[in-house]
Amino acid sequence: MSFDDGYTAGLKAALTGDRDARFVWLCNFEVENQWARSYTGLPAARGSATAATVQRMEELGALLAEPTDYLLLDRPLDEGYRGYAEKTGLGAPTELVTAAPAAAGGTGAAVLDSPELLERLRRIARDGAYLMPMGNSAQEERIGELTGLRPAVPDAATYERVNSKIYSRRVAEELGLRTIPGHCCETVGQLRHALDEQLGEDRPVIVKDAYGVSGKGLLVLDSRRKADRLLRMVERRAANRGDDALHVVVEAFLPKRFDLNYQFTVDRRGRVRLDFVKQALTAGGVHLGHVMPADLTPAQQDELATAAVALGGRLYADGFFGVVGVDALLGADDLVYPVLEINARLNMSSYQGRITERFGRPGGAALARHYPLRLAAPLRFEAVTDALGALAEPPHDGEGLVITCFGTVNAQAGDALAGPPTTPAPHFNGRLYTMLFAGDREGLDALDRRVEAALDRLNTAGRTP
């Protein structure tokens with residue numbers, strides 16, 4: 001299996017045997033919510049302040065898809081951004097837009113409520129296209145049933161099974177990979193036992209939902225008082241339901257140098273290809289970005305490569321093929337902990353593959369990150385490029401910036417501006433997703449500072465009109 005002739009073409013060959021296959025991409029970032037429906041996790045408030053932003057992240061697929069592909073969206077790409085994508089030379093796929101903006105069920109549910117779009121998908125299916133979701137659930141399977149689109153990925157039941165953090169931990173242990181001290185818990189009693197044991201080591205512990213993602217469904221407990229409070233909550237809930245089922249992982253909070261993310265691909269014949277290793281940027285358990293190359297020794301790189309082969313073989317034996325992203329950790333003791341969790345689906349790094357292939361250079365460095373913006377009114381794409389000036393030009397000779405998602409800039413504008421008038425004027429938070437390229441880490445840091453300073457001109461929070 002080789003990706004030498006193109007990242008996305010190589011992925012198509014791995015999944016379908018045909019590098020020229022035509023994909024209908026569905027970047028359903030909240031698919032974990034579908035997998036989690038039958039599993040009891042940590043008590044938490046429903047909803048998310050960033051739900052609208054996550055929905056708009058589906059636009060990241062525009063630069064992963066090839067121009068001959070299709071991308072399902074719940075609203076069109078900004079015309080200015082589409083023109084920008086064409087200017088980079090990466091092109092953009094044909095947009096397939098739902099009849100109405102997505103609600104709680106995401107774009108997949110909106111597709112199912114769009115009769116004309118379903119009919120168009122049937123015509124596309126007759127030409128042999130495949131449905132390529134970020135992750136498969138019953139919702140995506142229903143789209144395939146109604147349209148005839150062939151799945152490019154395994155069935156929903158397999159995805160659900162292998163994406164549990166309980167599965168991740170048990171597989172790592174069975175394969176003899178180095179694991180962080182901890183426990184898998186499937187009852188409230190097991191959680192109590194795990195907390196008693198781990199807190200006895202006099203260090204914080206992390207409790208993670210089996211299907212939590214991006215910092216949601218995660219608690220850090222640094223005292224017995226906090227642990228007892230959590231136990232009281234889950235015990236009260238279990239008593240009210242008459243069911244003590246609970247699906248979480250408890251792990252020690254280890255000192256670390258940094259987080260890691262690596263991706264491998266398992267093709268339909270079970271062959272495993274390590275795609276890349278990146279140093280992850282996180283804060284409070286929330287993913288902020290990636291930097292390449294990771295600051296690892298050759299021996300540490302080899303350990304991750306060995307883990308990828310072992311994990312890929314096990315996933316294939318359990319019915320999975322496709323893209324797998326794994327979160328890992330380099331401890332303060334320089335030991336590699338190769339499995340914090342397995343994300344057997346497309347991940348943030350996946351969306352960067354085609355961009356990195358086009359603009360990265362051997363020996364160079366790359367940074368994927370988003371820049372937070374504080375805005376009082378929606379921005380046009382041209383306002384962003386005007387602020388960036390020459391930095392908005394596509395990278396040249398391994399140096400420069402690519403805007404990978406613009407829709408997230410204005411995603412939360414509707415909620416902020418739809419409320420009652422306030423004094424001062426309401427503001428909302430936006431995110432501009434990017435990739436930066438430079439010859440080395442020092443050049444990357446300098447470019448990052450230039451971009452941050454340029455975009456700061458767009459921030460309006462705290463300024464006097």
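Of the trypsin sites (Lys or Arg not before Pro) found in the stretch 238-302, those in coil by DSSP whose Cβ has at most 13 other Cβ atoms within 10 Å are Arg269. When the Cα positions of Thr297, Thr53, Ala310 are compared along the charge dipole of the chain, Thr53 comes out farthest toward the positive end, with charges on each C-beta of Lys, Arg, Asp and Glu. Of the trypsin sites (Lys or Arg not before Pro) found in the stretch 153-202, those in coil by DSSP whose Cβ has at most 16 other Cβ atoms within 10 Å are Arg178. Seen from every direction in turn and averaged, the convex hull around the alpha carbons of the stretch 22-151 projects onto 8.4 nm².
Remark: the Thr297-Arg203 segment gains 31.0 nm on full extension, using 0.36 nm per residue and subtracting the alpha carbon distance.
Cross-linked pairs Lys12/Lys208; Lys208/Lys256; Lys165/Lys256; Lys165/Lys226: Cα-Cα separations exceed 25 Å for Lys12/Lys208. Residue order for Lys208, Lys87, fewest other beta carbons within 10 angstrom first, comes to Lys87, Lys208. Dividing the convex hull volume of the alpha-carbon atoms in the chain by its residue count gives 162 Å³ per residue. Dividing the summed -39500 (n - 2.57) terms of all DSSP H runs of n ≥ 4 by the residue count of the chain sets its mean residue ellipticity at 222 nm at -10500 deg cm²/dmol. As a proxy for reagent exposure, Ser38, Ser114 were ordered by neighbouring Cβ count within 10 angstrom, fewest first; the result is Ser38, Ser114. In a reduced charge model with +1 at each Lys and Arg Cβ and -1 at each Asp and Glu Cβ, the chain shows a dipole moment near 820 debye about its Cα centre. Multiplying the residue separation of Ala446 and Arg271 by 0.36 nm and removing their Cα-Cα distance gives an extension gain of 59.0 nm.
Under a model in which nothing but the beta-carbon of Lys, Arg (+1) and Asp, Glu (-1) is charged, the stretch 22-151 shows a dipole of about 160 debye around its Cα centre.
Enclosing the Cα atoms of the stretch 360-458 in their convex hull gives a volume equal to 82 cubic angstrom per residue. Distance between the C-alpha centres of the stretch 33-95 and the stretch 327-356: 21 Å, rounded to the whole angstrom. Each principal axis of the Cα atoms in the stretch 88-174 has its own extent, and those three values, largest first, are 48, 34, 25 angstrom.
Bear in mind these aren't lab numbers, they're just calculated from the coordinates by the rules spelled out. All of these numbers come straight from a predicted model, not from anything done at the bench. All Cβ positions, even for glycine, are placed from backbone atoms using ideal geometry, and neighbour counts span all protein chains on display.
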